[in-house]
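Worksheet: the structure to be examined is printed underneath.
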Amino acid sequence: MKHYIGIDLGTSAMKLILLREDGVICNTVSKEYPIAFPKPGWSEQNPEDWKAALLAGVPELIRGMNPLDLAGIGCGGQMHGLVALDEQDQVVRPAILWNDGRCGRQTDWLNHEIGTEKLMQWVSNIAFAGFTAPKLLWMKEEEPENFARIRKIMLPKDYINYILTGVHATDYSDAAGTLLLDVAHRCWSAPMLKICGVNDSQLPKLFESYEPIGTVKEDLAASLGIPAALPVAAGAADNAAAAIGMGVVGDGGCNISLGTSGTIFLSSEGQIANDNPALHIFAHADGGNCLLGCMLSAASCNRWFMEDILKTDDYAAEQSAIMEEKLGCNPVYFLPYLMGERSPINDVNARGVFFGMTMDTSRADLLQAILEGVAFAIRDSVEIAAKNGLLPEKSKICGGGAKSPLWRKIFAAVLNLPLEIPENEQGPGIGAALLAEAAGTRANIRQLSREYAHASETVLPDPVLVERYEKRYQQFRKIYPACRELFTEFAKEQEV
């Protein structure tokens, strides 16, 4: 029976999955690597550490199996990171990661001097400090000697594919997060390349995520113990790969992820309108497009309150104190903007706020407010999506926060959507393996994705709670506008 390797190149570790063609996960391996923070707000990694994880991880993953049963490799990975190679394909400098904040000035210049209207026209998105284009501008201004050495600009998972195949390639879903891709026309944006001072020859060739870009090099295959003719898929950005693994494909697909940050991913076969630039229009790994909303603090709000404030890690015990009759009736609200916010308010100065506390407020009320506040903030993005014709009938929900039955119940009611719990939640690795299967067999990736994804449980919205939470949400959405000017004022005071 054929087997496929799926690679998830994460920020802290590479996770490898061995997936059999009947959908059984035969083995998993994880290899950690360090993150460097050379200066406050900076975040870097050495791509050689990713290579080392690959070289160590694959032999361990396939140990005990017949390597001739392998039929393909796919990789999903962290987005936006700048990997610069010189003319000998050597890494010019450590990769600047998605969560690096050094490019604030360049980001502001793009949004204000070039203008968000032009950016939306050229690349369907405005600039964020995490995106690749501002990193290129920073490197051009701050490290001109290194910038002059660049012969290839790649993304993290594309560097792994290069190590495997020797091919400089990327896929549309990952390229969309660079701010260099004309998402609507599926090509590199000439105006943005000119602004960043780079040309087509410095950029990798574009592929659909499920297309093969080449085969594993003979010398590397020998060291890994795998066949040299093994096809390698173009792969996908982490969110897109995860969506493939959970069956979120075609029109109407939706996934909510409750991790450290929170995302809502909505898929569409056609072009997507967007009247809020803080939501991203990206290409999807299924050949269509997606609308992505990202809130910076989701499950991390809960962890902050539990571990830093209450000094406990017994999450279940704390949530058990929240009474059923209080759901939808809590007088306390929480703005979950502990690290500022991206989607949909796009305000770096926003901060966390408890509102409505009295002498009767309990710790259970505060915890409930946090769980509800995160759900309300995700609904803000759902509301924007609905205005642009993307209102899902149901959604998958995953991530650490989604393991809480109470939080799932709150989310279902706040969004008024059935929420499906995936049977297997292995992140982008599963999606990457399915992309490898599609690349090797030319099977339809949407069909593969839907056949693989199964729900272990569906949480239906309680009609009584839906009505209660509708009223609470309408009140919640008034709090941020009332605080916006104060957030800006306080931020200016802290700069002095």
Per-region count, the stretch 431-482, residues in a helix (DSSP H, G or I) and over 30 Å from Asp69 (Cβ atoms): 18
Residue match in the stretch 139-149 (condition: over 19 Å from the mean Cα position of the chain (by Cα), more than 20 Å from Trp50 (Cβ to Cβ), modelled with pLDDT under 95 and in the same structural domain as Trp122 (by TED's automatic domain parsing)): no
Residue that is more than 21 Å from Trp122 (Cα to Cα), among the polar types (S, T, N, Q) and either in contact (Cβ under 8 Å) with a residue 24 or more places away in the chain or surrounded by fewer than 17 Cβ atoms within 10 Å (Cβ to Cβ) (or both), where the choices are Asn346, Asn255, Asn274, Asn289: Asn255
Lone unmet requirement of (1) assigned to a strand (DSSP E or B); (2) more than 20 Å from Asn239 (Cα to Cα); (3) under 21 Å from the mean Cα position of the chain (by Cα); (4) not β-branched (Val, Ile, Thr) for Gly6: (2)
Residue within the stretch 101-121 that is touching a Ser or Thr at 6+ places or on another chain (Cβ under 8 Å) and closer than 30 Å to Gly270 by Cβ present: no
Among residues of the stretch 219-234, those that are over 16 Å from Ala433 (Cβ atoms) and in contact (Cβ under 8 Å) with a residue 12 or more places away in the chain, counted: 7
Selected residue (criterion: surrounded by the most Cβ atoms within 10 Å (Cβ to Cβ)) from residues of the stretch 67-84 that are among the hydrophobic types (A, V, I, L, M, F, W, C) and at pLDDT below 95: Met79
Segments classed as strands (runs of 3 or more DSSP E), wholly inside the stretch 230-273, with at least 2 members that are more than 17 Å from Leu448 (Cα to Cα) and either within 11 Å of the chain's Cα centre (by Cα) or not assigned by TED's automatic domain parsing to the domain that holds Phe207 (or both): 254-258, 262-268
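One line per residue, one yes/no per condition, for (1) buried (at least 22 other Cβ atoms within 10 Å of the Cβ); (2) closer than 15 Å to Pro277 by Cα; (3) touching a residue at least 40 places away in the same chain (Cβ under 8 Å); (4) more than 19 Å from the chain's Cα centre (by Cα):
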{"residue": "Asp86", "(1), (2), (3), (4)": "no, no, yes, yes"}
{"residue": "Gly104", "(1), (2), (3), (4)": "no, no, no, yes"}
{"residue": "Asp108", "(1), (2), (3), (4)": "no, yes, no, yes"}
{"residue": "Gln121", "(1), (2), (3), (4)": "no, yes, no, yes"}
{"residue": "Ile153", "(1), (2), (3), (4)": "yes, no, yes, yes"}
Unmet requirement for Glu307, which otherwise passes all of (1) of a type outside the set (A, V, I, L, M); (2) surrounded by fewer than 18 Cβ atoms within 10 Å (Cβ to Cβ); (3) within 30 Å of Ala243 (Cα to Cα): (3)
Ala184 being touching a strand residue (DSSP E or B) at 6+ places or on another chain (Cβ under 9 Å), surrounded by fewer than 24 Cβ atoms within 10 Å (Cβ to Cβ), under 19 Å from Tyr210 (Cβ atoms) and in contact (Cβ under 8 Å) with a residue 24 or more places away in the chain: no
Among the residues listed as Ile430, Ile370, Ile397, the single one being in contact with an Asp or Glu (Cβ under 8 Å, 6 or more places away or on another chain) and not polar (S, T, N, Q): Ile397
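The values are calculated or read from the model by the stated rules, or taken from the named source; none is laboratory data. Quantities reported herein were computed from a predicted structural model and do not represent experimental measurements. Because the Cβ atoms are built from the backbone with ideal geometry, glycine has one as well, and the counts that use them run over all protein chains shown.
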